[in-house]
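Engineer: Quick one: structure below, then a few questions.
The values are calculated or read from the model by the stated rules, or taken from the named source; none is laboratory data. Small disclaimer: the values here were computed from a predicted structure and weren't measured. Every residue, glycine among them, receives a Cβ derived from its backbone with ideal geometry; neighbour counts consider all protein chains shown. The protein model used for the area step is the full one, side chains on, heavy atoms only, and it has no ligands, DNA or RNA in it. Shrake-Rupley method; radii C 1.70, N 1.55, O 1.52, S 1.80 Å.
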Amino acid sequence: MRRRGLRAALTAAVVTTVTLAALPAAVRPASAAPTPAVVSPASAAPAPVAVSRGSAAPVPASVPPGVPARTAAARDWSTAVVDSTMARYTPASIGGWSYPVGLYLYGQYLVYRRTHDPRLLSYITSYVDRFVSADGGINQPFNSLDSMQAGRLLVILHHETGQDRYRKAAQKIRDRLGSYPRTSDGGFWHADTSSRAHQLWADGTYMVNPFLVEYGAEFHDSAYTGEEAARQLSVYGRHLQVANGLLRHAYDESKSASWADPGTGLAPEHWCRAVGWYAMALTDVLDAIPANQPRRPQLLGIFRTLASALEKYQDPASGRWFQVMDKGARPDNWTETSCSSMFAYALDRGAQQGYLDPRFRAVARHGYQGVLARLSVGSDGRTNLADISVGTNVGDYAYYVGRTRAVNDFHGLGAFLIMNEQLRGDSVS
């Protein structure tokens, strides 16, 4: 009975693709760290939570090694990516407490919600239990927004298991926000350090706001969390969105950062994944907040303006979006997979929910096909997702286009799973 509200919301959010449309109204789908590297294992995890199996997912069709995913669209690419990643990493070797791992495991949870394969939830539990003690302790200072993203997994595990230690650990993030530094108009700094002081990065909107609304739904705190999340997106959007409809990567209220325009405080470029983080956060929060939330009209306006810009700057040949979004004509620019997944998700979900014109579903499907073209199966039978930008600071054009184009980086794998769970039911040519 105590989890009835969120359980009902989760069930309601299982639309055709079973995206958890809001963990507040549901645990919802969902966006810099380095490429996924094996780190030193932490202490051994406790025994995984037993979860009853639902109906089994269909067995994917076999795909010859090296064949691009778009030529075999009938395969369940979500389960293929998850199986491949779990084969490459154990819960102890997948990495430390970080947002790229948290993003990937959130995507894996969406796949679990659809397939009910208990291995997927047990894997997430074993990862989280490396960091959460029996009494709910978690050895994280939460002094950056990045460090908060994996907190979504704490809310998920409380919802799935009812264990109070996950609530206690999640509450540490909620409580930290009370003293967390802000700009003069209330925006959370990207991190509580001198090098990030007074700065708003579009990335940060996804690191904290989906967690907030999901926490509010699970723990009956939505009056605060919904207002705070809407406020953050409003403040960030007001500073970062410019006349072309896109968002700049970051804003420095003090105008003292090396990258900040001395007049506006804005970063010089539109880095695609930063915009993708904001687009997904906006979608998730709109799904969660009530229809009469005072900031909702402004957020819808930001989303609709952004969607039109995404349509304009989409690469017509591939369907993907460029690393530096508005400079696709330059020969050294390249289309990036993680942001393309984020945009395809946000546009399709936004159109499905009525936030955007229905025509954006076609834009999303074109992007989806473009991402599938970067997915292949190797000689070992495992999936490989290419052209993912590694973790990225704020910089200039040359910095962004010079970033490593990684394969199977967690930024891309997590974004892919979120997108695929939203769009996998659509026909793909």
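Engineer: Read through the list (1) open to solvent by 10 Å² or more (accessible area, probe 1.4 Å); (2) farther than 22 Å from LEU233 by Cβ; (3) not β-branched (Val, Ile, Thr), then give the number of the only condition that LEU120 fails.
Structural biologist: So LEU120 meets the others, but not (1).
Engineer: Among what's in the range 285-325 and is aliphatic (A, V, I, L, M) and either open to solvent by 20 Å² or more (accessible area, probe 1.4 Å) or at positive phi (or both), pick the residue that is nearest to the chain's Cα centre (by Cα). First the steps, then the outcome.
Structural biologist: If we filter the range 285-325 for residues that are aliphatic (A, V, I, L, M), which is where we start, we get 285-286, 288-289, 291, 299-300, 302, 306-307, 309-310, 317, 324-325.
Checking which are either open to solvent by 20 Å² or more (accessible area, probe 1.4 Å) or at positive phi (or both) leaves us with 288, 291, 300, 317.
Values: ALA288: 15, ALA291: 23, LEU300: 19, ALA317: 26 Å.
By that ranking, first place goes to ALA288.
Engineer: Considering only the range 125-170, state which residues are over 15 Å from TRP97 (Cα atoms), open to solvent by 20 Å² or more (accessible area, probe 1.4 Å) and within 21 Å of the chain's Cα centre (by Cα).
Structural biologist: Result: GLU160, single match.
Engineer: Give the number of residues within the range 248-284 that are of a type in the set (Lys, Arg) and open to solvent by 10 Å² or more (accessible area, probe 1.4 Å). Walk me through it before giving the result.
Structural biologist: Kept after step one, since they are of a type in the set (Lys, Arg), are these residues of the range 248-284: 248, 255, 273.
Right, trim to open to solvent by 10 Å² or more (accessible area, probe 1.4 Å) and you get 248, 255.
The total comes to 2.
Engineer: Considering every residue within the range 191-204, establish whether at least one is surrounded by fewer than 24 Cβ atoms within 10 Å (Cβ to Cβ) and touching a helix residue (DSSP H, G or I) at 6+ places or on another chain (Cβ under 8 Å).
Structural biologist: Restricting attention to the range 191-204, the residues satisfying the condition of being surrounded by fewer than 24 Cβ atoms within 10 Å (Cβ to Cβ) are 191-198.
Now drop any that are not touching a helix residue (DSSP H, G or I) at 6+ places or on another chain (Cβ under 8 Å), which leaves 191.
Within the range 191-204, one or more residues are surrounded by fewer than 24 Cβ atoms within 10 Å (Cβ to Cβ) and touching a helix residue (DSSP H, G or I) at 6+ places or on another chain (Cβ under 8 Å).
Engineer: Within the set of pairs 6 or more residues apart or between chains, which connect a residue that is under 22 Å from ASP332 (Cα atoms) and hydrophobic (A, V, I, L, M, F, W, C) inside the range 401-427 to a residue that is modelled with pLDDT of 95 or more and assigned to a loop (DSSP other than H, G, I, E, B) with Cβ atoms less than 6 Å apart?
Structural biologist: Pairs that qualify, where the first residue is under 22 Å from ASP332 (Cα atoms) and hydrophobic (A, V, I, L, M, F, W, C) and the partner is modelled with pLDDT of 95 or more and assigned to a loop (DSSP other than H, G, I, E, B), are VAL401/GLN323; VAL401/ASP332; VAL401/ASN333; ALA406/VAL390; VAL407/ALA386.
Engineer: While we're on this one: Assess whether GLY245 counts as being open to solvent by less than 20 Å² (accessible area, probe 1.4 Å), on the phi > 0 side of the Ramachandran plot and not in a strand (DSSP E or B). Step through it out loud before you land on a result.
Structural biologist: Numbers: open to solvent by less than 20 Å² (accessible area, probe 1.4 Å): yes; on the phi > 0 side of the Ramachandran plot: yes; not in a strand (DSSP E or B): yes.
In short, yes.
Engineer: I need a count of the residues in the range 229-242 that are open to solvent by 10 Å² or more (accessible area, probe 1.4 Å) and either in contact with a Leu (Cβ under 9 Å, 6 or more places away or on another chain) or among the acidic types (Asp, Glu) (or both). Please lay out each step first, then the result.
Structural biologist: Just the residues of the range 229-242 that are open to solvent by 10 Å² or more (accessible area, probe 1.4 Å), to begin with: 231, 238-239, 241-242.
Subset that is either in contact with a Leu (Cβ under 9 Å, 6 or more places away or on another chain) or among the acidic types (Asp, Glu) (or both): 239, 241-242.
The qualifying residues number 3.
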